[in-house]
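Structure first, then comments.
The values are calculated or read from the model by the stated rules, or taken from the named source; none is laboratory data. All figures in this text were calculated on a predicted structure; none of them were measured in a lab. Every residue, glycine as well, gets a Cβ built from its backbone with ideal geometry; the counts of neighbours run over all protein chains shown. Calculation scope for accessible area: heavy atoms of the full protein, side chains included, ligands and nucleic acids excluded. Shrake-Rupley method; radii C 1.70, N 1.55, O 1.52, S 1.80 Å.
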Amino acid sequence: MANLINGVLAKASPFDATKRIVRPNGEVRYIRCVGVPLVDNQGLKKYVGSALDVTEHELLTQELRRREAYLTGAQRLSHTGSFGWRPGSEEIVWSEETYRIFEYDRAEKPTLSMVLQRIHPQDRALAQQVIDRASQTGADFEHDIAC
């Protein structure tokens, strides 16, 4: 925080930082501080900003990261991938293990055609029917496909 404060004062620049504080009872809280400099002809006059207690948000974020790490590890160990697909927007999200299973580079944005390329040729027509039905209805579905 000292480095941040010194840098912000030296450049009279805006800032947005989250810091930890310790209350007298020992409780740790996360505080987000956002501020902008007020400058006149003589230079920096003062900073105006706000401080928000974001402890609950920060703790939930940490818990989510922890759970994601466990899920990633479990998928790697069990060779199980996961994905999400929004038929209306064509948005597809794959887990790291799904990329590995399909043998695609993580830098590639997943598409339905990428999935269809990996499905056995004899099963592609059925897979396309499932995709078409899901795209038309938008309803949840479950279907096993040999990849």
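The residue list P110, A127, L38 was ranked by how far each Cα lies along the charge dipole of the chain toward its positive end, using unit charges on Cβ atoms, and L38 comes out on top.
Averaged over residues, the count of other Cβ atoms within 10 Å places the peptides 86-93, 54-61 in the sequence 54-61, 86-93, highest first.
Label separation (T55 vs R76): 3.4 nm, computed from points 7 Å beyond Cα along the C-beta direction.
Pick from F15, F83, F102 the residue whose mean-square fluctuation is largest in a GNM of the chain, springs joining Cα atoms under 10 Å. Among F15, F83, F102, the largest GNM mean-square fluctuation belongs to F15. Against the main long axis of the alpha-carbon atoms of the chain, helix 124-137 sits at an angle near 50°.
Our summary gives the chain a relative contact order of 11 percent, counting only alpha carbon pairs under 8 angstrom and 6 or more residues apart. By a 1.4 Å probe calculation restricted to protein chains, R66 has an accessible surface near 110 Å², given to the nearest 10. Quick check: at a probe of 1.4 Å, how many percent of the accessible area of the chain sits on carbon and sulfur atoms? C and S atoms contribute 54 percent here.
Cβ-Cβ distance of L44 and Q117, R₀ of 41 Å, FRET efficiency by 1/(1 + (r/R0)^6): the value works out to about 0.10.
From helices alone, the chain scores -13000 deg cm²/dmol at 222 nm; the rule is -39500 (n - 2.57) for each run of n ≥ 4 DSSP H residues, then divide by the residue total. Can you give me the C-alpha center-to-center distance between segment 101-131 and segment 25-95, rounded to a whole angstrom? When both Cα centres are located, 32 Å separates them.
Here the simple spin-label model places points 7 Å from the Cα toward Cβ, and for A125 and N3 these points are separated by 6.3 nm. Figure legend: label point modelled 7 angstrom from the Cα of T18 along Cα→Cβ; residues of segment 44-76 with amide N under 14 Å from it are 52-66.
Residues in segment 1-66 average 77 Å² of solvent-accessible surface per residue, probe 1.4 Å, ligands and nucleic acids excluded. Calculation over all alpha carbon pairs of segment 46-147 in 5 angstrom steps from 0 returns a P(r) of 2, 10, 16, 17, 16, 12, 8, 6, 5, 4, 2, 1, 1, 0, 0 percent. Basic side chains Lys and Arg get +1 at the Cβ, acidic Asp and Glu get -1 at the Cβ, and with that the dipole of the chain about its Cα centre reaches some 820 debye.
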